[in-house]
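Okay, so here's the structure we're looking at.
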Amino acid sequence: MSNELTKSQKRCLRELAALAYERELGAELGKVEAEFGRWRRGEIDAHALEDAIHKFHNGPARQLYSLYTGGMLEWVAAGAVARGVVSAAEIPQEICDVVGRYTQPRVQS
């Protein structure tokens, strides 16, 4: 995170990133859950389910972990807004300008 940010702004960015991480991880886990449903209905076998779990672990789970724990939370928050994971209305007022520096169109304060 940038050194010019206040402790409060950094905390807000961490909270916003945590919210986005929870939502994106939940969406990906929903896909895995659907595979469990297919397995229970006999549409796929245990090996196909295991493969789906493996692909989740090595793909989306790792990518999201890396994204949300890597730092530069200004970029992470802006990316979550750009992807529609977090709405501009959910951004705390005190970090609108911070996130707005990294988004197009700008988040209005």
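Details
- Extending 7 Å from Cα along the Cβ direction at Thr69 and again at Arg101 yields two label points whose distance is 2.7 nm.
- Neighbour-count order for Ile91, Ile44, fewest beta carbons within 10 angstrom listed first: Ile44, Ile91
- Calculated on C-alpha atoms, the gyration radius of the chain divided by its Kirkwood radius gives an Rg/Rh of 1.13.
- The residue among Leu67, Val98, Ala80 whose Cα reaches farthest toward the positive pole of the charge dipole of the chain, with charges on the beta-carbon of Lys, Arg, Asp and Glu, is Val98.
- Nearest 10 degrees, 0 to 90: helix 46-56 Cα axis against the chain principal axis: 10
- In sequence order, the range 27-33 has phi-based couplings of 4, 5, 5, x, 5, 5, 4 Hz under the Karplus curve 6.51 cos²θ - 1.76 cosθ + 1.60, θ = phi - 60°, and Gly or Pro positions carry x.
- Evaluated with a Cβ-only charge set (Lys, Arg +1; Asp, Glu -1), the chain carries a dipole of roughly 180 debye about its Cα centre, given to the nearest 20.
- The calculated FRET efficiency for Ala88 paired with Ala46, based on their beta-carbon distance and R0 = 35 Å, is about 0.20.
- Take the chain and mark each of the trypsin sites (Lys or Arg not before Pro) that is in a DSSP loop with at most 11 other Cβ atoms within 10 Å; the longest unmarked stretch, sites excluded, is 42-82.
- Candidate cross-link partners of Lys31 among the aspartates and glutamates, defined by an alpha-carbon separation under 17 Å and a same-chain spacing of 8 or more, comprise Glu22, Glu43, Asp45, Glu50, Asp51.
- Springs join every pair of Cα atoms under 10 Å in this Gaussian network model of the chain, and among Ala89, Ala80, Ala46 the largest mean-square fluctuation is at Ala46.
- Working note: Karplus 6.51/-1.76/1.60 with θ = phi - 60° gives the range 68-74 the couplings 8, 10, x, x, 6, 4, 4 Hz, where Gly and Pro are set to x.
Rule-based calculations on the coordinates, nothing more; no lab input. Since we're looking at a predicted model, the values are computed, not measured. Reconstructed Cβ throughout: ideal geometry from the backbone, glycine too, with neighbour counts over all protein chains shown.
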